[in-house]
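The values are calculated or read from the model by the stated rules, or taken from the named source; none is laboratory data. Here the structure is a predicted model, which means the values were calculated and not measured. Don't worry about glycine lacking a Cβ; one is built from the backbone with ideal geometry, like all the others, and counts go over all protein chains shown. Accessible surface is based on the protein model in full, side chains and every heavy atom, while ligands, DNA and RNA are left aside. Shrake-Rupley method; radii C 1.70, N 1.55, O 1.52, S 1.80 Å.
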Amino acid sequence: MAARDFDMIVIGAGPGGYVAAIRGAQLGLNVCVVEREHLGGICLNWGCIPTKAMLRSAEVFHLMHRAKEFGLKADGIGYDLDAVVKRSRGVARQLASGVGHLLKKNRVTVVMGAATLSGPGLVSVRSDKGTEELTAKAIVLATGARARELPGLEPDGKRVWSYKHALVPPHMPKTLLVIGSGAIGIEFASFFNTLGAETTVVEVMDRILPVEDAEISAFAKKQFEKQGMAIREKATVKRLDRAADKVTAHVEQGGKTEKIEVDTVISAVGIVGNVEGLGLEDLGVTIDRSHVVTDEYCRTGVEGLYAIGDVAGAPWLAHKASHEGVMVAELVAGGHPHPIRPGSIAGCTYCHPQVASVGLTEARAKEKGYEVRVGRFPFIGNGKAIALGEPEGLVKTVFDAKTGELLGAHMVGAEVTELIQGYVVARGLETTEADLMETVFPHPTLSEMMHESVLDAFGRAIHF
Ligand SMILES: Cc1cc2nc3c(=O)[nH]c(=O)nc-3n(C[C@H](O)[C@H](O)[C@H](O)COP(=O)(O)OP(=O)(O)OC[C@H]3O[C@@H](n4cnc5c(N)ncnc54)[C@H](O)[C@@H]3O)c2cc1C
């Protein structure tokens, strides 16, 4: 059978790949997307979406326990883990099937199977039906990533889980050890801790949520500890002894090794790019620590071959993948898109309390030689936060003292994952402190704290 020819072939239908495909089709390209497992990728099936559905159940559960505070009655509060998981899987299914409809609506050809690059512009797709050859002048790698496995700490699905196991847990942990306190580890720790698991988090770095501003990490840590979580920083899990009903973790901290016995471990020690078996080496693609090396336009250096999303490296975020997908599709269609600006991509962690940030931390700004002005505003000074019963939180802003440029914004507290986009827009528009101070924020809203934090950086905060 002759090879089917397209303008653009996208390998992988996650938020990078399917968005690239749709944008390409909108621009008149004849696009094919090849997917080996599930439309929507990790994000919709095993990442962003099902975790947020589970965390929502935990949030409602938490609020039900606080019913009395709000003048309400809720007796016999409990949960059904299977039902929580069923809801989460249903939400994931609904959204993944939505991707199928969107691709169809945009006349994108979907080929289910595992793709390999068998030569420049040539893709072979293997499936149960056999092997099919496809050709295109532009190929976009959007193959994503998977959980990193450290020797001796490998998930087995019984007592030691990866994020996939944790999303369809075979049992409710009574005692849980989470290895790694990045966004994924902390979200699962928050979920299971809220449902009652005695939770310990072990982090090798000197603080949890290590990419966040140090003040935000410290604030979040205090909140998690108040909720009963045990946090061990500068600690390493050296070994796991697995038994039928328990795991003994050998945790090294401060030169001493201690044994922690739990019934469940979640390993959340990072991710590795899906670069294997694609034929990349033969084409001369550069791979650095499991990620495809690209320039700011996602070009791999091989004519017509692009890499986007998780497979192209940090930050491993769905919105970064999608934005790169749009940019590459526009490039392939002959447009002149702007390259993505890594400093304007927000990071959000949907634990309780939530954490969100964009741009430089205070420490990083100083390392880069900026003289900074820092603003802070606590949730306790905000009317809406008090009315919501969410008085714990902090909004921190970091400005260049010389130019007034907003260098970074860092938040912890209720709904900050929704609020952060205000600062993202501000950074995108290169707003100064003066513009932000003159902006009128609606009252009563949590967003007023974003205003107050800016005012505070210049000694003008009103409500604190
Ligand atoms: C538990 C968890 C929670 C997360 N929460 C968030 C969050 O809240 N917000 C956020 O922004 N990010 C979150 N992420 C990260 C987010 O899921 C990823 O950044 C995002 O999915 C990356 O998109 P992608 O398109 O690059 O790759 P993926 O979503 O991984 O999609 C890649 C696709 O390529 C397919 N594929 C791979 N190889 C081949 C091949 N050879 N042939 C054909 N198909 C192939 C795979 O089957 C997959 O469907 C989370 C991740 C996890 C694990």
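Taking amide H as placed 1.01 Å from N in the peptide plane, residue 148 has its amide H under 5 Å from the amide H of 269, 270, 271, 272, each at least 5 places away in sequence or on another chain. By the helix-only formula, in which each DSSP H run with n ≥ 4 contributes -39500 (n - 2.57) and the sum is divided by residues, the chain has a 222 nm mean residue ellipticity of -9500 deg cm²/dmol. How much of the DSSP bridge set in the chain is antiparallel, in percent, rounded to the nearest 5? Of the beta bridges lying entirely in the chain, close to 60 percent run antiparallel. Counting only protein heavy atoms and a 1.4 Å probe, region 353-457 has 41 square angstrom of accessible area per residue.
Approximating the spin labels as points 7 Å out from Cα along Cα→Cβ, the residue 434-to-residue 60 distance works out to 4.9 nm. Protein heavy-atom surface of the chain, 1.4 angstrom probe: 53% of the accessible area is carbon and sulfur, with nucleic acids and ligands not counted.
Spacing of the modelled spin labels on residue 258 and residue 1, each 7 Å from Cα toward Cβ, amounts to 6.1 nm. Spin-label pair residue 122-residue 148: with each label point 7 Å from Cα along the Cα-Cβ axis, the two points sit 3.6 nm from one another. By the rule of a C-alpha distance below 16 Å, with chain neighbours fewer than 8 residues away ignored, the lysines paired with residue 238 are 256, 259. Within a straight-line Cα-Cα reach of under 18 Å, residue 320 can be paired with the following aspartates and glutamates, leaving aside sequence neighbours fewer than 8 residues apart in one chain: 212, 295, 296, 310, 330, 418.
When the trypsin sites (Lys or Arg not before Pro) in region 348-416 are filtered for DSSP coil states and for at most 12 other beta-carbon atoms within 10 Å of their beta-carbon, the remaining sites are 368, 402. Fully extending the segment from residue 172 to residue 225 would add 17.0 nm, taking 0.36 nm per residue of separation and subtracting the current Cα-Cα distance.
Stretched out fully, how many nm does the piece from residue 386 to residue 73 gain, at 0.36 nm a residue minus the Cα gap? Write down the numbers at each step before the final one.
Details: separation 313, 0.36 × 313 = 112.68 nm, distance 2.03 nm.
Difference between extended and current length: 110.6 nm.
Only four residue types carry charge here, +1 at the Cβ of Lys and Arg and -1 at the Cβ of Asp and Glu. Report the dipole size of the chain about the Cα centre in Debye, rounded to the nearest 20. Please list the in-between numbers first.
Values: 50 positive and 56 negative charges, 191 e Å.
Using only the charged Cβ atoms, the result is roughly 920 debye.
Over the chain, the ratio between the Cα radius of gyration and 2.2 N^0.38 Å evaluates to 1.03. Length gained on full extension, residue 295 to residue 93, computed as 0.36 nm times the residue gap minus the Cα-Cα distance: 69.3 nm. As an exercise, use a Förster radius of 35 Å and the Cβ-Cβ distance of residue 458 and residue 206 to find the FRET efficiency, rounded to the nearest 0.05. Given R0 = 35 Å and the Cβ-Cβ separation, E is 0.65.
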